[in-house]
Amino acid sequence: MNQLRPTLRILLLLVSVGIVVGASAFTGEKTPPKLEFQQVANWPTLPAGMKLDGISAVASDSKDNVYLLNRVKPYVIIFDRDGKFLRSWNGDFKTPHGLRIDNDDNLWIADMANHLVQKFTPDGKLLLSLGKKDMPGLAADQFNKPADAYPGPDGEIYVADGYGNSRVAKFTKEGKFLQDWGKKGKGESEFNIPHVVYLDSDKRVIIGDRENQRVQIFDRDGKLLDEWKNTGAPYGLALHKDRVYLADGRKGTIRVLDMKGKLLTSWQATEGVKETPHWIHVDRQGAVYVGFVSGKKVQKWVPK
């Protein structure tokens with residue numbers, strides 16, 4: 001009898017596995033893939049004498065060169081993806097806040113204190129300016145502390161006019177005002193600091209509604225399509241291969257969600273320190289960059 005016990009255990013194990021597999025096949029449910037990331041140490045390499053201040057935003061161009069938006073001069077610092085310093089430049093900024101790079105490698109920078117959204121070449125030449133400098137307002141040609149500006153795939157520009165106006169404003173690629181939506185509040189299509197704006201592959205407009213601690217999703221005309229709660233405070237938002245990367249600035253956590261808002265994995269970007277991940281970006285290779293304002297640093301994470 002003792003000789004049969006191991007065999008019986010194996011048979012019972014096989015039967016239980018078969019039941020689990022059969023149940024999964026019957027329900028059609030799939031276990032989400034486990035995504036694991038590790039931090040790249042000592043990234044980037046700063047030139048002698050240069051120090052980072054608050055890194056409010058990060059973006060990368062078509063060559064995966066990485067652009068940091070610094071709160072003090074030099075305001076824009078560029079590295080290759082290995083962290084080697086390439087160059088830097090300055091604009092007429094006060095509190096640079098949001099940074100995106102379009103398909104032509106031009107930079108869109110939202111300056112919160114200047115109340116401007118500006119388009120630059122990779123080398124810092126000003127191409128277009130939206131808003132009125134030092135003149136906050138709620139109008140077609142004015143912002144009030146804009147937080148982010150995203151260049152859509154068809155050329156439209158979506159501005160998270162976040163700290164003062166709590167709205168999303170939409171413009172043509174030439175800068176002509178098209179429409180806006182939203183006001184301050186907790187209800188549907190209302191915002192309490194729309195902090196980041198992003199478009200997915202279906203051209204849905206995804207808004208990180210920071211102080212309401214949710215993500216709201218709209219069509220390009222401002223119709224509410226979905227709402228994701230329990231995301232934490234979405235300070236930063238990025239997409240890569242049908243995955244949403246979210247930086248929770250309250251808890252210091254990076255979350256990876258599917259396109260329906262379901263959590264796939266998460267990790268802690270800050271361990272034992274009170275630092276705020278303010279921005280997140282994912283390059284074409286899947287490397288994740290996190291910018292910190294309070295921590296005055298940037299992190300690079302890569303899949304294991």
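None of the figures in this text is laboratory data; all of them are computed from the coordinates on show. No experiment lies behind these values; they were computed from the predicted model shown. Because the Cβ atoms are built from the backbone with ideal geometry, glycine has one as well, and the counts that use them run over all protein chains shown.
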- Query: For the chain, what is the calculated [θ] at 222 nm in deg cm²/dmol (nearest 500), taking -39500 (n - 2.57) for each run of four or more DSSP H residues and dividing by its residue count?
  - Reply: -2500 deg cm²/dmol
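Per residue, what volume in Å³ does the Cα convex hull of the chain take up?
166
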- Note on the structure: Largest fluctuation, 117, 273, 72 only, Gaussian network model of the chain with Cα springs under 10 angstrom, belongs to 273
- Item | Between segment 245-287 and segment 76-96, the Cα center-to-center distance that results, in Å | 23
- Over all Cα pairs of segment 215-304, how is the pair count split among 5 Å bins, expressed in % and running from 0 up to the last occupied bin? 3, 14, 26, 24, 17, 10, 5, 1, 0
- Quick one: angle between helix 5-27 and the longest Cα principal axis of the chain, in degrees between 0 and 90, rounded to 10, please. 40
- Query: Along the charge dipole of the chain, Cβ charges K/R +1 and D/E -1, which of 103, 153, 279 sits furthest on the positive end?
  - Reply: 279
- Which value, in debye to the nearest 20, gives the size of the charge dipole of segment 111-175 about its Cα centre, when Lys and Arg are +1 and Asp and Glu are -1 at the Cβ? 100
- Normalised by the number of residues in segment 147-304, what is the relative contact order in percent for Cα pairs under 8 Å and 6+ residues apart? 12
- Item | Exceeding the 23 Å Cα-Cα cut-off - candidates 133/176; 223/251; 260/297; 173/203; 184/229 | 223/251; 260/297
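Hey, which of these cross-link pairs are over 19 Å Cα-Cα: 145/183; 262/304; 183/274?
Working: 145/183 14 Å; 262/304 22 Å; 183/274 31 Å.
Result: 262/304; 183/274 exceed 19 Å.
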- Message: If you split all Cα-Cα distances of segment 38-194 into 10 Å bins from zero, what percentages do you get per bin, shortest first?
- Response: 11, 39, 32, 15, 3
